[in-house]
Amino acid sequence: MKNLIHLTAIAALAASGLSNAQTAAYSKPSGYVTQDLSQGFNLLGLTLLNSPAASGVFETINASSLVDDQLSFTPISGRKYVLEITSGAITGAIFEVEASGISGTTITPVTTSPTTDLTTLGITTSDTYAVRIAPTLEEIFTTTPLASGGVLVPGLSSLNADVIWVPISPGVYNRYFLHSSGQFRIDGTTTAAPNVPIIYGDAFFVQKKNSSAASITLTGEVKTNSSITVLAQGFNLVNTVVPAGATLANVGLEDDLTPGLSPLNADILWVQTSSLNYDQYFLRSGNWRSVAAPTVDLTSQQTEAISLSGAVLIQRKSATPVTVDITVPSSYNDL
């Protein structure tokens, strides 16, 4: 039987409180986190993950596939999986994998470019990995209407229904809503959209149309290692994959984001507040500053008090993509 870690214990362990809209409790190393939804655009991330369907060590690294001689599980047809590298030079890197890309002892990730060569990414035959099934909209939100104990307000169209905005590139989204029939549909169409996966590296918006009380509860494992994501030019929705304890002081963005003499040419970190507005921050000479007070360095106490648990929005100014390594609080090593 697992030992429960209550909110007070996890908060003390992480040395940081949750945002005002969140409560959490955990069993080691799994649990749940509940976040209230307000009227407007709620920025969310999957801060707890499904347990691995498979894990191990790769014996062979090929250009387009990875081989684990001990791999043995049957993927669910039609579902999408997430392959995470859990040790080595690119710990925290993730790759999307279709169920059809898992065959026998071989995993073939989905690549965004036909020239992608897995042998050049730094994966070695001593690195460990984990494969998790990506949760769907039905699994995250259920198809139960809010009035009957669910999360979302459905509708005959998206005009009055809550809308989920899933990013496909910076500033570009696929939008879904819960139809009154109990199925998810693509916004603006009559097309059903069953089993839409959410990849945990990305954050997403829940556009809540009315002011009725609602909340979403996520369950799963606490992630205890860093996460790697790639930022492209524009507004990137990023999941920090940390339910508690992540702050501006400890997530390690200082060596990844582009600094500037002013906010005009620096990358901007947008942190959503409880009112669904944003506080904005940028780096100058290695120090964090608020866009609202661009000539004043934030103190260590101030950066430690700014919670990044959950999801953030990062505005990348340069056309050159950058890899970002988001660390978890060191205290997570004890979970």
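The values are calculated or read from the model by the stated rules, or taken from the named source; none is laboratory data. Note that the structure is a prediction, hence the values are computed from the model and not measured. No Cβ is skipped: glycine too gets one built from the backbone with ideal geometry, and neighbour counts run over all protein chains shown. These accessible areas exclude ligands, DNA and RNA; they are computed on the full protein's heavy atoms, side chains included. Shrake-Rupley method; radii C 1.70, N 1.55, O 1.52, S 1.80 Å.
The set of residues in segment 153-190 that are out of contact with any Pro (no Cβ under 7 Å at 6 or more places or on another chain), within 22 Å of Phe235 (Cα to Cα) and open to solvent by 40 Å² or more (accessible area, probe 1.4 Å) comprises Trp165, Ile168, Ser169, Pro170, Gly171, Val172, Asn174, Arg175. Note on segment 83-133: residues that are outside any loop (DSSP other than H, G, I, E, B) and touching a Gly at 6+ places or on another chain (Cβ under 8 Å) total 7.
Applying the set (1) open to solvent by less than 20 Å² (accessible area, probe 1.4 Å); (2) farther than 25 Å from Ala89 by Cα; (3) out of contact with any Pro (no Cβ under 6 Å at 6 or more places or on another chain) to Ser274 leaves exactly one unmet item: (1).
Of the candidates Thr144, Thr120, Thr116, Thr105, the single residue that is loosely packed, with under 13 Cβ neighbours inside 10 Å and free of Cβ contacts under 8 Å to residues at least 60 places away in the same chain is Thr120. Pairs meeting the criteria (first residue in segment 308-335 and in a loop (DSSP other than H, G, I, E, B), second residue of a type in the set (Lys, Arg), beta carbons under 7 Å, at least 6 apart or on different chains) are Val328/Lys223; Leu335/Lys28. Is segment 196-212 home to any residue that is open to solvent by 20 Å² or more (accessible area, probe 1.4 Å), among the basic types (Lys, Arg) and part of a loop (DSSP other than H, G, I, E, B)? Yes: one or more hits.
Against the test of being out of contact with any His (no Cβ under 7 Å at 6 or more places or on another chain), within 30 Å of Phe58 (Cα to Cα) and touching a residue at least 12 places away in the same chain (Cβ under 8 Å), the options Ala161, Ala214, Ala203 yield a single qualifying residue, Ala203.
When Arg289, Arg284 are checked against the criterion of being more than 18 Å from Val322 (Cβ to Cβ), basic (Lys, Arg) and modelled with pLDDT of 95 or more, Arg289 stands alone in meeting it.
Taking segment 49-80 on its own, how many of its residues are of a type in the set (A, V, I, L, M) and open to solvent by 30 Å² or more (accessible area, probe 1.4 Å)? Residues that pass the stated criteria total 5.
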